[in-house]
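Attaching a single structure in structure tokens format; questions to follow.
The values are calculated or read from the model by the stated rules, or taken from the named source; none is laboratory data. Small disclaimer: the values here were computed from a predicted structure and weren't measured. Note that each Cβ is placed from the backbone with ideal geometry, even for glycine, and that neighbours are counted across all protein chains shown.
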Amino acid sequence: MNLDFFKYQGAGNDFVIVDNRDAVFPIDDFDLIKRLCDRKFGIGADGFMTLEASSEADFEMKYYNADGRPGSMCGNGGRCLVAFAKKMGVFKNKTKFKAIGELYEASIENDLVSLKMMNVSSIEKESNHVFIDTGSPHHIEFTQNVNNVDVVEMGRKIRYGAPYFETGANVNFVEQSGVDSFKVRTYERGVENETLSCGTGVTAVALAAYFLNKTQSEEIHIETKGGSMKISFEPDGTGFKNIVLTGPATLVFEGQIEI
């Protein structure tokens, strides 16, 4: 069987996408998904997504980590799938889609995709880090020079350590670079490596920075290895609402692979 696929990237976070609205792709074949994401034996990607038909929204997003296992919400993946759905004529400029049991809103303007993220009701502050769930769990540490951090070694140690253990958390290292700007490097569970960017991660960082009074701005600019993104939000009691992640989502190439 030849599989038509599309490769997208959002700020360097790359994904293999398959249009599965006709339900022919074996979405429970986790070994196949892992192979498709493999950079040596497959197409190569940080994650895999299918565009699914939905009776509740314009479409549904199914997301899998590079290890082949179903993942939690992926912000950059969501933005890339929105761009793909627009390419396939599913919507024009604004859309609603289902992912991980939730409904999300998104829009496209000037080739930038804005994705409204889930509300955050609370933030956990520890002695040396902050923990926030922005659809995926994120451990956040601020540092003086993020370029000097061994992200893979430190990230892996934190990801598998207490209190996260096997369930794990994504690990973000952050350096403040301006009044409302930050540099971020992220170790992603499921990929088990540093990625060039992470959408739910930069969203968590923006909220953490405001929560810790490192900025008074409700619009934060984040620089990752893969590019720049913007996060806007409104404080809401102990949490945040109207959280919007904005950044690029680009088609890299499309092709066929035998499965």
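Among the residues of segment 109-132, is any in a strand (DSSP E or B), of a type in the set (D, E, K, R) and under 18 Å from Gly10 (Cβ atoms)? Before you say what the answer is, go through the steps one by one.
Initial filter on segment 109-132 (in a strand (DSSP E or B)): 109, 112-116, 120, 124-125, 130-132.
With the extra rule that they be of a type in the set (D, E, K, R), the set shrinks to 109, 116, 124-125.
Within this subset, residues satisfying the condition of being under 18 Å from Gly10 (Cβ atoms) are 109, 116.
Yes, segment 109-132 has at least one match.
Within segment 157-195, count every residue that is touching a Lys or Arg at 6+ places or on another chain (Cβ under 7 Å), polar (S, T, N, Q) and assigned to a strand (DSSP E or B).
Residues meeting the conditions: 2.
Per-residue answers, yes or no, for (1) crowded, with 18+ Cβ neighbours inside 10 Å; (2) aliphatic (A, V, I, L, M); (3) within 25 Å of Lys183 (Cα to Cα):
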| position | (1), (2), (3) |
| --- | --- |
| Ser127 | no, no, yes |
| Thr134 | yes, no, yes |
| Asp150 | no, no, yes |
| Ile158 | yes, yes, yes |
| Gly161 | no, no, yes |
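Among the residues that make up segment 36-59, is at least one of them part of a helix (DSSP H, G or I) and either among the β-branched types (Val, Ile, Thr) or within 24 Å of Gly135 (Cα to Cα) (or both)? Walk me through how you get there before you give the answer.
Applying the first criterion (part of a helix (DSSP H, G or I)) to segment 36-59 yields 36-37.
Next cut, either among the β-branched types (Val, Ile, Thr) or within 24 Å of Gly135 (Cα to Cα) (or both) only: 37.
Yes: segment 36-59 contains one or more residues that are part of a helix (DSSP H, G or I) and either among the β-branched types (Val, Ile, Thr) or within 24 Å of Gly135 (Cα to Cα) (or both).
Another one. Can you tell me which residue is farthest from Gly199 (Cα to Cα) among those in segment 72-105 that are of a type in the set (Lys, Arg) and more than 16 Å from the chain's Cα centre (by Cα)?
For segment 72-105, the residue satisfying everything is Lys92.
Specify which of the listed residues (Thr238, Thr224) is on the phi < 0 side of the Ramachandran plot, at pLDDT below 95 and in the same structural domain as Val171 (by TED's automatic domain parsing). Working first, answer last.
Details: Thr224 fails: at pLDDT below 95.
Going through Thr238, Thr224 in turn, just one is on the phi < 0 side of the Ramachandran plot, at pLDDT below 95 and in the same structural domain as Val171 (by TED's automatic domain parsing): Thr238.
This table checks each residue for (1) in contact (Cβ under 8 Å) with a residue 24 or more places away in the chain; (2) closer than 27 Å to Gly78 by Cα.
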position	(1), (2)
Phe142	yes, yes
Asn148	no, no
Met154	yes, no
Tyr164	yes, yes
Val174	yes, yes
